1. Could you state the angle between the C-alpha long axis of helix 159-168 and the longest principal axis of the C-alpha atoms of the chain, as a value from 0 to 90 degrees rounded to the nearest 10?
2. Angle check, please: helix 5-28 long axis (alpha carbons) against the longest principal axis of the chain (alpha carbons), in degrees 0 to 90, nearest 10.
3. If R0 is 30 Å, what FRET efficiency do you get for Met94 and Arg21 from their C-beta distance, rounded to 0.05?
4. Measure nothing but the geometry: give the 0 to 90° angle between the long axis through the Cα atoms of 71-92 and the longest principal axis through the Cα atoms of the chain, rounded to 10°.
5. Beta carbons within 10 angstrom, averaged per residue: use that to sort the peptides 70-78, 92-100, highest first.
6. What fraction of the Cα pairs in segment 5-168, stated in percent, has a spacing above 18 angstrom?
7. Kindly put Glu119, Glu138, Glu66 in sequence by how many other C-beta atoms sit within 10 Å of each C-beta, fewest to most.
Amino acid sequence: MSNDAIVLLREDHKDVRRLFREYRGLAEGGGGDDGARHRTVQRIIESLTVHTYLEDELVYPRIRQEVPDLAREMDRAEQEHHVADLLCEELSRMSPGDDGYDAKTAVLIDAVERHIEQEEAEWFPRVRAVLGRKELREMGERMQAVRETAPRHPVSGGVLHRIADALEG
């Protein structure tokens with residue numbers, strides 16, 4: 001696999017979309033028991049927690065620095081991550097039998113899908129045009145190294161707790 005940061009982010013997106021399809025099949029098809037739905041949601045939460053951490057800590061700051069005309073978009077993206085983090089934290093404390101579980105999961109999926117589409121269609125091409133192969137490869141290598149210690153579960157209190165948890169590794 002490539003070490004290119006954008007390629008790695010797209011791979012994360014592909015994995016998350018696969019989990020979303022799996023969840024929808026379980027929730028909408030009526031064939032999934034509560035345990036299967038819960039396990040899939042937990043995998044979604046873990047994937048999103050790692051992914052948003054990498055973007056917030058490594059990717060977005062670099063984009064702000066190198067592609068300043070995307071700064072407003074990065075502000076919005078960080079807020080979208082914040083909302084996703086809150087939903088993930090709430091879902092991590094819920095069970096499929098709880099009121100709102102499926103609705104909350106559906107809202108999370110819809111929001112993340114819109115976010116992914118915007119990143120892939122609008123931001124990634126602009127970032128690739130500004131950053132060279134070497135820079136994207138270096139960023140990707142850093143992402144892979146940090147991924148090992150990135151938080152896997154949402155933490156109450158937001159980004160400061162996530163940073164402290166990752167540093168404790």
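1. The answer is roughly 80 degrees.
2. 10 degrees
3. Details: r = 21 Å, r/R0 = 0.70.
That pair, Met94 with Arg21, gives E of 0.90.
4. 30 degrees
5. Details: 70-78: 15.0, 92-100: 12.4.
Descending packing order for the listed peptides: 70-78, 92-100.
6. Values: 7930 of 13366 pairs.
Considering segment 5-168, 59 percent of its Cα-Cα pairs are separated by more than 18 Å.
7. Values: Glu119 20, Glu138 16, Glu66 13.
Ascending Cβ contact count within 10 Å gives the list Glu66, Glu138, Glu119.
Where a number appears in this text, it was derived from the coordinates with a stated rule and is not lab data. Quantities reported herein were computed from a predicted structural model and do not represent experimental measurements. So basically every Cβ, Gly included, is an ideal-geometry build from the backbone, and we count neighbours across all protein chains shown.
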